[in-house]
Amino acid sequence: MRMKRISFSSRVAVDDPFDRVYGLEDLGFTGWEIVQDGVQTLNTGTLEDVRNIQKTTDLELTLHLPFSDLNPGTLNPGIRHEVLKQMMGNIELASDFVELAVVHPGYLSPYGSLFPERAWQANIDALQLICDFAEDHGILVAVENMPDVPGVFGKHPQEILRMTEEVDCENIGFTFDVGHANTLGLTDNFLGECTKMVSHVHLHDNMGKKDEHLPVGKGTVDWKTVMDGLSNFKGIFVTEVGSVEEGVESLAFLKRL
């Protein structure tokens, strides 16, 4: 299968993550998704590294907004302030490099689980504010479907549809994470109900039980069906695996389909 836009991404810490990006094009990748966690985080100290990558390569850059310890569905005002501060700060830092930012929806904290509708609305309100800020910087915010984890929003197609409808911003999109959908046995459901709204795609595999981020082809995902279902998609496919080597392995598998 030929894919014109295929990026690499990994949240796993690797040695010299910015240096390794320079070799991605030679390996067959056309882009890099910057994950805002760990040593590869875009910040004032690494901004020049990313500027150099942009200037000296043809890689298409996208941004994965931070998710560790951050909950857009929080009912704690102080945490909410920090979530918005970090999300908006990252969008502003990346605005010269990216046109799309992936965001994880919120989840039910122990307190939020007592008031799930309030937590849902807090999630919607936070995403609206993030989208409004991103729109001023020309960035599409693509909310991602989540794996089979208790209490997290956005696991099912109808939740994603409801979420994007209620956020009601022109720059809200959808990141279809194939591996996450597979943990719930819902890849076909997402393809059937949400294909037309897909803005971005994350590719990784698992055995159908938990979110393992295995190389593509090493789990139970029916990749031929998935890629056939996305045959009209013109956006970016991102391999989200543990290493560059696993990314190359995934790319080779996809080319054989």
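Brief remarks follow.
- Three-way shape label, region 137-229, alpha-carbon gyration tensor, a/c 1.5: prolate
- Gain on full stretching of the segment that runs from residue 85 to residue 4 - 0.36 nm per residue minus C-alpha separation: 25.7 nm
- Å² of accessible area per residue within the chain, as computed with a 1.4 Å probe and no ligands counted: 45 Å²
- Residue 245 paired with residue 170, simple spin-label distance in nm, labels 7 Å along Cα-to-beta-carbon: 4.8 nm
- Amide H contacts under 5 Å for residue 174, placed H, 5+ residues apart: 143, 199, 200
- Peptide packing for 126-133, 184-191 was compared via the average number of neighbouring C-beta atoms within 10 Å per residue; ordered from the highest value, the list is 126-133, 184-191.
- Judged by the mean number of other Cβ atoms found within 10 Å, the most tightly packed of the peptides 225-233, 96-104 leads the ranking 96-104, 225-233.
- Accessible surface of region 1-155 [probe 1.4 Å, protein heavy atoms]: carbon and sulfur percent: 50 percent
- Ignoring lysines fewer than eight residues from residue 218 along the same chain, the ones with Cα atoms less than 24 angstrom from its Cα are 4, 155, 209, 210, 255.
- Full extension of the chain segment joining residue 115 with residue 224 gains 35.1 nm, where the gain is 0.36 nm per residue of separation less the Cα-Cα distance.
- Cα gyration tensor shape of the chain, rounded if a/c is under 1.5, else prolate or oblate by comparing a/b with b/c: oblate
- Cysteines without a disulfide-compatible partner [the chain; Cβ-Cβ under 4.7 Å]: 194
- Net lengthening on full extension, residue 252/residue 56 (0.36 nm per residue, minus Cα-Cα): 68.0 nm
- Top of 175, 74, 46 by mean-square fluctuation, Gaussian network on the chain, Cα under 10 Å: 46
- Prolate/oblate/rounded label for region 66-188 (Cα gyration tensor, a/c 1.5): oblate
- The Rg/Rh ratio for region 207-257 is 0.95, where Rg is the radius of gyration of the alpha carbons and Rh is the Kirkwood radius.
- Of the residues 98, 50, 176, the one whose Cα sits farthest towards the positive end of the charge dipole of the chain is 176 (charges of +1 on Lys and Arg Cβ, -1 on Asp and Glu Cβ, taken about the Cα centre).
- The relative contact order of region 90-179 comes to 34 percent, based on Cα pairs under 8 Å that sit 6 or more residues apart.
- Each 5 Å bin, from zero up to the one with the longest distance, holds this percent of the alpha carbon pairs of region 105-146: 6, 23, 23, 20, 15, 9, 4, 1.
- Pairwise FRET efficiency - residue 48 versus residue 189, Cβ, R0 = 45 Å, nearest 0.05: 0.55
- Each Lys or Arg adds one and each Asp or Glu takes one away; over the other residues whose Cβ falls under 11 Å from the Cβ of residue 148, this sums to +2.
The values are calculated or read from the model by the stated rules, or taken from the named source; none is laboratory data. Bear in mind the structure is a predicted one, so any value in this text is a computation, not a measurement. Because the Cβ atoms are built from the backbone with ideal geometry, glycine has one as well, and the counts that use them run over all protein chains shown. Heavy atoms of the whole protein, side chains included, go into the accessibility calculation; ligands, DNA and RNA do not. Shrake-Rupley method; radii C 1.70, N 1.55, O 1.52, S 1.80 Å.
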